[in-house]
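Below is one structure, written out as structure tokens; comments come after it.
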Amino acid sequence: MKKYFNAALLIFLINLTSYSQTEITLKGYVFDQHGKPLPNVRVNVYDSPINTVSLSDGGFFLKGLIPGKYQLLFAHHDYMPGMLEITVNEKSNKQIEISLSAKNPTLLKIKEEITVTAEADSVIDVRLPSHRTILFDNVVSRLGTSTLAETVEKTSGVTMVGKGGYSMAPAIRGLAEHKILLLVDGVRITSERRIGTSASFLNLNNIDSIEVNRGPYSVFYGSGAIGGIVNILTKSPHANSPFRGNFELGYNTVKKERSASLQFCGSHGKLGFMIAFNGKKADDYCSPTGIIEQSRYSDYDVMLKLTRETRNSQFYLTFLDYRGIDIGKPSPTAKFKPRWYPKEKNEIFNIGYKIQNRFHLDTLNASFFFYIPMLETQKENLTETFSVEKRNLAKIEGKNFGFKIRIRKDLNQNHNLNFGIDFFGRRDVNDENTEWRFDEYGRISKEIHETSLLEARRNNIGFYINDKIQISPSITINLGARYDYINTDNLTHSENERFSRSDQSIVAYVGSTFQLTSNLSLLANVGRSFRFPTISELFYTGLTGRGTIFGNSDLKPEKSVNLDLGLRYLHGKYYASIYAFSNSISNLIQKYSPSTEEEYYYRNLSQGRISGIEGEFCFWFIKNWEFSINFHHMVGKEKDTEEVLNYIPASRLTLGAKFSPGKFWMEPKINLTDSKKNPGPLEIEIDGYALLDIVLGYKLKAHIEFLAVGRNLFNQTYRFSADEKGVDAPGRGVVLKILCSF
């Protein structure tokens, strides 16, 4: 009996001891291989019923632990499993972190493009069933490029336009000159450059992702999206995330570009913060035929972001301050007629608030922004002894602002309704053109002041509604419509008289997705888009980076009808997509030059039509290898005259591969571009070319990475575009980078 009593007493004491031990709650975070929070990761305590799932910020809590050693298992269907051994005690309050690597990074990226809602302006899902390519930050950092236009140029259907150098602009499906809308975290970017918005002021280290959207998007964004949208999402901090830092140094041998970036991010409870500093400076680059004068540039920027996240709301604030200095404009006449931008300034302030599941609405988002740009353009005429004969300086500045209110309401599981109002305004748009003439002794002999923009302004208000209907498990229909009213005015030389004009437009679209099989889908849409002439196109007369431009106040708004048809196939071993499109633009606005005196004018063509085909393919048949192919072919002509339009790109095929066995990776890419034998009015014929680029990377430690990017390794002589004032692209060069995180 005593034996049984002692055993019972022992069991009681053991249980008493165990129950007296303090239960501990463990906090941790899960990230992907790029340091981004990873939600929906299953976290299990080995040989225990304790488990949980990571939240949207990657955070998780494990409750009910007692002091001891544990193995934590991490599982996600798109990532390699992870295991972490930890020791828990009563005094330990250290949070844990783990990073998971994607099973197949390229496949994961494509799945995200197709299935994840990309809130193009941090508001709603604006996807149409049309072609879209997303470049994430890890892809952007490995391209060895310096500007946004260079970064997106290798995607199908996209090219660069302009003379060359730092300020080239992206063109989508043969459309440029303000026909492509650029958004930075939902802020509409405007530019007084005639070729269109280059957004070269955006440092690539600040970018989280770039979305290239092809097709009609005027229903969501109004004027300017005839060709598509390049949407840039900058990096953001997250609530309850640990303090982190990144440091990067870079050098480009062909440009002698020196670059540096420093970034800090972290949080204090629900408040996340980030601050980034970036700068770069480059000399005139070398082409295979020699130095390209006026291709130098230098700039720096500071970006600050704040976010505050709760379960049903998010507050965000962004401030960006950019300064550009002596940004060159290369051209064949740069030696004796150099042009450059002595100063460029861009300031963006963006604030917004998003609420979910309140006021009987699924999402309510309101945002407001200020955007203040300034650009100086300088030109000099030099004598044979390089003394200044004439100097011109033009300065344009203004204030842009706007707000958006967007609402989403899910009527049922198959019926999604979006509607909203937005306003975009411009104020105090002014220019000043000054010309100085010098005598043979270098003294000013004459000074002339002119202005064409005087307190110019614009008001654009738009209303839209969009309905996404899931008719059946295999059929989705998108319907949308929008109304816009725009008023533009400018003071004439007689300051008592103001020239004013008003325009309005109604557009609509219908898009559909048919899931033919579990892997194959058919996409189709038809949509109308529009673009009102810019303030500069209407009123500005003066110096530009190309020549002297003359505005035309009688320009009519552009209107287009866009047809898109595509097939998309997603498999575990490969992905394929192919798209055909046709875009008819009435009253197409195009520059022309009636003489050889570097004078340019605007006019409306009766109708331009651009049609073509483009596609993307990816393959994963061999372990540690990825292969990709993209291509495009298109034609564009004016309907009445059959004349070729400007900016229609030559046919192109791009072949890529990636070998990543471990800490080392290699990415060769071959670009095959056909010759252009049918140039537009402001273009010339150019030869075809083949380019070889290669990326070599090595991860020395978890937080140190080395990168070497070989560009144009064949040292080909070629041009980025067929622009008649264009110059040769850079020759063979290497971009070296070291990236450190802490």
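Taken together, the values in this text are just the output of simple stated rules run on the coordinates, not laboratory data. These numbers were taken from a predicted model, which means no experiment stands behind them. Glycine also receives a Cβ, built like all others from the backbone with ideal geometry; neighbour counts cover every protein chain displayed.
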About the Cα centre, and with charges only on the beta carbon of Lys, Arg (+1) and Asp, Glu (-1), how big is the dipole of the chain? Nearest 20 debye, please. 2320 debye
Which links in Lys280/Lys345; Lys335/Lys379; Lys256/Lys669 stretch past 20 Å when you go from one Cα to the other? Lys256/Lys669
Tell me which residues come under 5 Å, amide H to amide H, from Ile96 once H is placed; ignore anything under 5 positions away on its chain. Lys27, Gly28, Tyr29
Would you mind giving the average projected area, over all directions, of the Cα convex hull of the stretch 140-281 in nm² with one decimal? 9.5 nm²
What list of ³J(HN,Hα) couplings, whole Hz, do you get for the stretch 166-177 from phi and the Karplus terms 6.51, -1.76, 1.60, once you set θ to phi - 60° and write x for glycine and proline? 7, 10, 6, 10, x, 10, 10, 6, x, 10, 9, 6
Once normalised by the length of the chain, the mean sequence separation of its alpha carbon contacts under 8 Å that are 6 or more apart gives a contact order in percent of 9 percent
Go through Leu271, Leu382, Ser48 and say which Cα lies farthest out towards the positive end of the charge dipole of the chain; charges sit on Cβ, +1 for Lys and Arg, -1 for Asp and Glu. Ser48
Under the Kirkwood approximation applied to all pairs of distinct alpha-carbon atoms, what is the hydrodynamic radius of the stretch 164-205 in Å? 10.9 Å
When averaged across all projection directions, what area in nm² does the alpha-carbon convex hull of the chain cover? 38.1 nm²
Which three extents, in whole angstrom, do the alpha-carbon atoms of the stretch 194-265 cover along their principal axes, largest first? 42, 40, 17
Estimated dipole of the stretch 292-435 in Debye, rounded to 20 [Cβ of Lys and Arg +1, of Asp and Glu -1, Cα centre]: 580 debye
Per-residue ³J(HN,Hα) for the stretch 684-693, Karplus 6.51 cos²θ - 1.76 cosθ + 1.60, θ = phi - 60°, Hz, x for Gly and Pro: 10, 5, 9, 7, x, 7, 10, 10, 10, 10
Rg/Rg_ref, the stretch 379-500, where Rg_ref = 2.2 N^0.38 Å and atoms are Cα: 1.90
Taking the dipole about the Cα centre of the chain, with the C-beta of Lys and Arg at +1 and of Asp and Glu at -1, give me whichever of Gln314, Ile180, Ile444 is farthest to the positive side. Gln314
25 Å Cα-Cα threshold exceeded, pairs from Lys559/Lys639; Lys270/Lys305; Lys305/Lys658; Lys154/Lys399; Lys63/Lys354; Lys69/Lys701: Lys305/Lys658; Lys154/Lys399; Lys63/Lys354; Lys69/Lys701
Near Lys591, which lysines are there with a Cα under 16 Å away, not counting those fewer than 8 places off in the same chain? Lys163, Lys179, Lys556, Lys637, Lys725
Where does the chain land at 222 nm, in deg cm²/dmol rounded to the nearest 500, when only DSSP H runs of n ≥ 4 count, each adding -39500 (n - 2.57), divided by all residues? -2000 deg cm²/dmol
Would you kindly state how much longer the chain becomes between Tyr46 and Ile275 on full extension, computed as 0.36 nm times their sequence separation minus their alpha carbon distance, in nm to one decimal? 78.5 nm
What are the ³J(HN,Hα) values, in whole Hz, obtained from phi via the Karplus relation 6.51 cos²θ - 1.76 cosθ + 1.60 with θ = phi - 60°, for each residue of the stretch 184-194 in sequence order, with x given for Gly and Pro? 10, 6, x, 7, 6, 9, 10, 8, 8, 6, 5
Could you name the aspartates and glutamates in cross-link range of Lys337, using Cα to Cα under 13 Å and dropping any fewer than eight places away on the same chain? Glu293, Glu380, Glu384, Glu389, Glu597, Glu598
Estimated distance in nm for a label pair at Thr383 and Ile444, the labels positioned 7 Å out from Cα along Cα-to-Cβ: 2.0 nm
